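Asker: Have a look at this one.
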Amino acid sequence: MTGIADATTTSLDLLCINTVRTLAMDAVQKAESGHPGAPMALAPLAYALFTRHMRHNPTDPHWPNRDRFVLSNGHASMLLYASLFMSGYDVTLDDIKEFRQWGSRTPGHPEHGMTPGVETTTGPLGQGLANAVGMAAAEAHLAAVFNREGRAIVDHHTYFIAGDGCMMEGISHEAASFAGHFGLGKLIGFYDDNRISIDGSTDLTYSDDAAARFEAYGWQVLRVGDGNDLAALDRAVEEAKAETKRPTLVIVRTHIGYGSPNRQDTAKAHGEALGAKEVELTKQNYGWSYPDPFHVPDEALAHWRGQCTRGSADQEAWRRALIEYAKAHPEEAKEFGRRMQGDLPGGWSQAIPTFTTENGNVASRAASGVVLNALAAKIPELFGGSADLSGSNLTVIKDSARFTAETPAGRNVHFGVREHAMGAMMNGMGLHGGIIPYGGTFLVFSDYMRPAIRLAALTHQRVIYVFTHDSIGLGEDGPTHQPIEQLSALRCIPNLLVIRPADANETAEAWRVAIAHRTGPVALALTRQKLPLIDRTGRGAAAELAKGAYVLSEGAGGDPQIVLMASGSEVSLILEAQSILAAEGIRARAVSVPSHELFAQQPAEYQAAVLPKGIRRIAIEAAHPMSWYRLVGSDGVVIGIEKFGASAPYERIYQEYGLTARHVVEEAKKLLA
Ligand SMILES: Cc1ncc(C[n+]2csc(CCOP(=O)(O)OP(=O)(O)O)c2C)c(N)n1
């Protein structure tokens, strides 16, 4: 066996490719866990991309105009680690020997921020493909905003590799449909068509015509009949680059576990070590004459790295072009630098409006729309929209155009009814940089995008979710649309900030926090129904929202006998309960709790000052009570909802479900009795 499928491939090419294959085999063998098969099959493609086609500089993985590469089939992580090492990124052979070990830079699946050159975290299949679509959308938008005649400072491709699993996942449909519609011509994907997944042959479950599917989305579809054919892969990439109006999918026929005499084309090659004997046989088959594991032939490393030095020259040329650009367009150049750094423009927060009684009763979604528009005027990197609920989520930037294939400078993104891909594309946009993505839907449909929210939190993405219709308070649409468990479920995602503001001014403060927050996603939970504006005279200021919970109002005449807590639309209920109790001579403290996570970050003294020890607590929220128990303590009471909602005018549902000030008063008296 030679593994050379075309006349132009040299023995040095093959040595490079086999180095990746053997590193993958050896690393998985040493770890006794991992996925050798896909890296063995995809090594020629990775070699072609990293050494011949991608514009990337291993010495500066953050160069803004680099091509992006996403390995959507993240289980093939050794393909990426070996390619990064061979290219000269700060990934060493020792890192590769530590594959999947505690504290290593080569975790089981690629994790952004862990390994230089890893653009995004992948593993949950299909997410990476959608991240890549988001990156390509970001590129298209920023190119339209910043490039000037003859001066393209944003001009790169986004590449991804996806497997059968990614293709089977629904998210790939949503994202690919979006990419086709919006004509993301600089997106180039490769489908690892090896016809094997974990359970066995894909014949068991999957017979899609992938080419017809992607053609129907409006993609250019190309085929490479043999994944070892470097010349054919080269031609496909050139053809893909030549097509600027449509994304391209290259369907590459490969053989999982390529070269393994007993494992190739079997599911066993997918997710387990080959075994020492099979590793030996496979190496023999490759004509690999080095007995030691993790052997990297000098000439292979020198050749691969030599090819990649081109990246420094590419970056240098770009840097010079940027200097010329800056001479002609100094303001734009400064702005580009600022945005790619992720710094906010000076004075941005002065745009945030204050609401007064003159505004009347305002739904928090409506206040959010006003605040978003005020912020968008100051912060041009706000880019987003809604999953087909713009008019409900109030996410439109009124004085900006729509983002379309023809007008990519527009900032209003119509994500379509594609919540899952919206979440993942927002992650891709955030990872690209230069953009603060936001996206809206009904809170109940956060479930449709939860896997992407989780990854946003894991990868510390600065993205903002505008989740409206945040409770049974949405009324007539009924239980299918009324979130119950979503708030608690979101609150238990690590590194996700959930904020449920109580009135228009808390909503303004929630946006202030969201914009300033750089280390993770923020979910805003907003009402459909109108809310009274909280009179702040003698009460806690809305800006206290930043502390997560604050004393809104004290019962007159001494220390509180009981603490009442609520978030969002239920805050007005505790204020009402407070005055009923006052009339009966009971001093209740009303605490607004817009964000459990922000409160948890406060010093213990502050927490104890808001929720003093020894004073019993009642919480009320029109949602599942679970997340409140740690705040009320074991002798407290939570008034929540532990069943589904109902279709009716919302005032009636609140009555029927006991979400009333009267109920709070009754529980308070019981606790004090
Ligand atoms: C959302 C999700 N579901 C399930 C898995 C578990 N899983 C990992 S790889 C895989 C099969 C993927 O098959 P394919 O893409 O063909 O990979 P290959 O066998 O070619 O390596 C599955 C089910 C996952 N990683 N993500």
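Asker: Mean separation of Cα pairs under 8 Å and 6+ residues apart, divided by the residue count of segment 1-129: what relative contact order is that in percent? Provide the component values of the computation, followed by the final result.
Answerer: Working: 187 pairs, mean separation 31.1, N = 129.
Once normalised by length, the contact order is 24 percent.
Asker: Residue farthest toward the positive end of the dipole of the chain, with Cβ of Lys/Arg at +1 and Asp/Glu at -1: which of Ala590, Tyr89, Thr121?
Answerer: Positive-most Cα among the choices belongs to Ala590.
Asker: What is the calculated FRET efficiency for Glu651 to Thr404, with r their C-beta to C-beta distance and R₀ = 56 Å, to the nearest 0.05?
Answerer: Values: r = 41 Å, r/R0 = 0.74.
Efficiency, from the Cβ-Cβ distance: 0.85.
Asker: I've got another one for you. Straight-line reach only, C-alpha to C-alpha below 14 angstrom: list the aspartates and glutamates that Lys643 could link to, leaving out same-chain residues fewer than 8 apart.
Answerer: Correct list for Lys643: Glu485, Glu621, Glu656.
Asker: Given a 1.4 Å probe and heavy atoms of the protein chains only, how would you sort Ser400, Ser83, largest accessible area at the top? Please list the in-between numbers first.
Answerer: On the way: Ser400 30, Ser83 0 Å².
Largest to smallest exposure gives the sequence Ser400, Ser83.
Asker: So for the pair Tyr629, Ala302, with labels modelled 7 Å out along Cα→Cβ, what separation do we get in nm?
Answerer: 6.6 nm
Asker: Indicate the gyration tensor shape class of segment 250-385 (rounded, prolate or oblate), computed on the Cα atoms with a ≥ b ≥ c the square roots of the eigenvalues: a/c under 1.5 is rounded; otherwise a/b larger than b/c is prolate and the rest oblate. The partial results should precede the final answer.
Answerer: Numbers: a/c = 4.71, a/b = 2.00, b/c = 2.36.
Here segment 250-385 falls in the oblate category.
Asker: Treating only the Cβ of Lys, Arg, Asp and Glu as charged (+1, +1, -1, -1), what charge dipole size does segment 520-642 show about its Cα centre? Round to the nearest 20 debye.
Answerer: Working: 11 positive and 12 negative charges, 24 e Å.
Taking the Cα centre of segment 520-642 as origin, the dipole is about 120 debye.
Asker: Can you run phi through the Karplus equation (6.51, -1.76, 1.60; θ = phi - 60°) for segment 190-200 and list ³J(HN,Hα) in whole Hz, with x for Gly and Pro?
Answerer: Per-residue couplings from phi come out as 10, 9, 7, 8, 10, 6, 10, 10, 6, 6, x Hz.
Asker: Can you tell me how much longer the chain between Ala516 and Thr309 gets when fully stretched, taken as 0.36 nm per residue apart minus their C-alpha distance, in nm with one decimal? Numbers along the way, then the final one.
Answerer: Numbers: separation 207, 0.36 × 207 = 74.52 nm, distance 3.78 nm.
Extending this stretch completely gives an extra 70.7 nm.
Asker: Rolling a 1.4 angstrom probe over the protein heavy atoms, how many square angstrom per residue are accessible across segment 307-348? Walk me through the numbers on the way to the answer.
Answerer: Details: 2340 Å² over 42 residues.
Each residue of segment 307-348 exposes 56 Å² on average to a 1.4 Å probe.
Asker: Tell me, what ³J(HN,Hα) does each residue in segment 303-308 have, in order and in whole Hz, if you take phi through Karplus 6.51 cos²θ - 1.76 cosθ + 1.60 with θ = phi - 60° and put x for Gly and Pro?
Answerer: 5, 4, 5, x, 4, 7
Asker: Given 0.36 nm per residue, what is the gain on full extension from Met168 to Arg319 after removing their alpha carbon distance, in nm? Working shown, then result.
Answerer: Values: separation 151, 0.36 × 151 = 54.36 nm, distance 4.11 nm.
Gain in length upon complete extension: 50.3 nm.
Asker: Let me ask something additional. So how tilted is helix 37-48 from the main axis of the chain? Cα-based, degrees 0 to 90, rounded to 10.
Answerer: 70 degrees
Asker: While we're on this one: How tilted is helix 571-583 with respect to the longest principal axis of the chain? Cα atoms for both, answer in degrees (0 to 90, nearest 10).
Answerer: Once rounded, one gets 20 degrees.
Asker: Over what distance in Å are the Cα centres of segment 445-522 and segment 300-341 separated?
Answerer: If we compute the Cα centre of each part, the gap is 37 Å.
Asker: Oh, and also: Taking N as the number of residues in the chain, what is its alpha-carbon radius of gyration divided by 2.2 N^0.38 Å? Can you show the working numbers first?
Answerer: Working: Rg = 27.8 Å, N = 673, 2.2 N^0.38 = 26.1 Å.
Working it through for the chain, the quotient is 1.07.
Asker: Using alpha carbon coordinates only, what is the Rg to Rh ratio of segment 33-162, with Rh defined as the Kirkwood radius?
Answerer: On the way: Rg = 15.0 Å, Rh = 15.2 Å.
Expressed as Rg/Rh, it is 0.99.
Asker: Any chance you could run the full-extension gain for Lys669 through Glu642? It's 0.36 nm times the residue separation minus the Cα-Cα distance, nm to one decimal. Could the numbers behind the result be given before it?
Answerer: Values: separation 27, 0.36 × 27 = 9.72 nm, distance 2.28 nm.
Length gained, Lys669 through Glu642: 7.4 nm.
Asker: Could you report segment 103-148's accessible area per residue, 1.4 Å probe, as an integer in Å²?
Answerer: Details: 1080 Å² over 46 residues.
I get 23 Å² per residue for segment 103-148.
Asker: Assigning unit charges at the beta carbon (Lys, Arg +1; Asp, Glu -1) and nothing else, what dipole magnitude in debye, to the nearest 20, does segment 145-196 show about its Cα centre?
Answerer: Working: 4 positive and 7 negative charges, 60 e Å.
Result for segment 145-196 is approximately 280 debye, rounded to the nearest 20.
Asker: Separation between the Ala556 and Thr354 pseudo-spin-labels, each 7 Å from Cα along Cα→Cβ, expressed in nm?
Answerer: Reported label-point gap for Ala556 and Thr354 is 2.5 nm.
Asker: Moving on. Determine the calculated [θ] at 222 nm for the chain from helices alone, applying -39500 (n - 2.57) to every DSSP H run no shorter than 4 residues and normalising by the residue count; nearest 500 deg cm²/dmol. Kindly include the intermediate steps, with their values, before the conclusion.
Answerer: Values: 26 runs with 277 residues, N = 673.
Helix contribution divided over all residues of the chain: -12500 deg cm²/dmol.
Asker: How big is segment 294-448 by Rg and Dmax over its Cα atoms, in Å?
Answerer: 21.2, 75
Asker: Less than 20 Å apart at the alpha-carbon level, and either on another chain or at least 8 residues along: which lysines does that give for Lys186?
Answerer: Lys241, Lys245
Asker: As I understand it, the dipole of the chain uses +1 on the Cβ of Lys and Arg and -1 on the Cβ of Asp and Glu, about the Cα centre. Which of Pro247, Ser400, Thr158 lies farthest toward its positive end?
Answerer: Value computed over the given set: Ser400.
Asker: Quick check: the distance between the Cα centres of segment 66-103 and segment 393-422, to the nearest angstrom?
Answerer: Rounded to whole Å, the Cα centres lie 35 Å apart.
Asker: Mind listing which chymotrypsin sites (Phe, Trp or Tyr not before Pro) in segment 58-157 are in a DSSP loop and have 10 or fewer other Cβ atoms within 10 Å? Can you show the working numbers first?
Answerer: Details: sites: Phe69, Tyr81, Phe85, Tyr89, Phe99, Trp102, Phe146; in loops: Tyr89, Phe99, Trp102.
Answer by residue number: Trp102.
Asker: Obtain the nm distance between the two label points defined at Asn285 and Asp203 by a simple spin-label model: each point lies 7 Å from its Cα along the Cα-to-C-beta direction.
Answerer: 2.0 nm
Asker: Could I ask something else about it? Once a ≥ b ≥ c are taken as the square roots of the eigenvalues of the Cα gyration tensor of segment 470-606, is the result rounded (a/c under 1.5), prolate (a/b larger than b/c) or oblate (a/b not larger than b/c)? The partial results should precede the final answer.
Answerer: Working: a/c = 1.87, a/b = 1.29, b/c = 1.45.
Judged from the Cα gyration tensor, segment 470-606 comes out oblate (a/c at least 1.5, b/c at or above a/b).
Asker: Further, regarding this structure: On average, how much accessible surface per residue is there in segment 450-520, in Å², for a 1.4 Å probe, leaving out ligands, DNA and RNA?
Answerer: Details: 1870 Å² over 71 residues.
Value for segment 450-520: 26 Å² per residue.
Asker: Kindly identify segment 191-285 as rounded, prolate or oblate by the Cα gyration tensor criterion: order the square roots of the eigenvalues as a ≥ b ≥ c, call it rounded if a/c is under 1.5, otherwise compare a/b with b/c, prolate if a/b is larger, else oblate. The partial results should precede the final answer.
Answerer: Values: a/c = 3.76, a/b = 1.71, b/c = 2.20.
Because a/c hits 1.5 or more and a/b fails to exceed b/c, segment 191-285 counts as oblate.
Asker: Using only alpha carbon pairs under 8 Å that are at least six residues apart, calculate the relative contact order of segment 330-420 and give it in whole percent. Numbers along the way, then the final one.
Answerer: Numbers: 90 pairs, mean separation 20.6, N = 91.
The normalised contact order for segment 330-420 reaches 23 percent.
Asker: Follow-up question, since we're still on this one. Give me the percent relative contact order of the chain, please, defined on Cα pairs under 8 angstrom at least 6 residues apart. Mind showing how you got there, number by number?
Answerer: On the way: 1482 pairs, mean separation 81.1, N = 673.
Computed value for the chain: 12 percent relative contact order.
Asker: Next question, about the same structure. I need two numbers for segment 25-68: Rg to one decimal and Dmax as a whole number, Cα atoms only, in Å.
Answerer: Here Rg and the maximum Cα pair distance are 13.9, 38 Å.
Asker: Of the heavy-atom accessible surface of the chain (probe 1.4 angstrom), what whole percent is carbon and sulfur?
Answerer: On the way: 12690 of 24770 Å².
Of all accessible area on the chain, carbon and sulfur atoms account for 51 percent.
Asker: Quick one: putting +1 on the C-beta of Lys and Arg, -1 on the C-beta of Asp and Glu, what dipole do you get for the chain around its Cα centre, in Debye to the nearest 20?
Answerer: Details: 61 positive and 75 negative charges, 248 e Å.
In total the dipole reaches around 1180 debye.
Asker: Give me, ordered by chain and number, the residues 5 or more places off Leu531 or on other chains with an amide H under 5 Å from its own placed amide H.
Answerer: Correct list: Val362, Ala363, Ser364.
Asker: Here is a further query. Which one of Ala136, Gln284, Pro560 is farthest out on the positive end of the charge dipole of the chain, using unit charges on Cβ (Lys, Arg +1; Asp, Glu -1) and the Cα centre as origin?
Answerer: Pro560
The values are calculated or read from the model by the stated rules, or taken from the named source; none is laboratory data. Only a predicted model underlies this, so the values are computations on that prediction, with no experimental measurement involved. Ideal geometry is used to build each Cβ from the backbone, glycine not excepted, and the neighbour counts take in all protein chains shown. These accessible areas exclude ligands, DNA and RNA; they are computed on the full protein's heavy atoms, side chains included. Shrake-Rupley method; radii C 1.70, N 1.55, O 1.52, S 1.80 Å.
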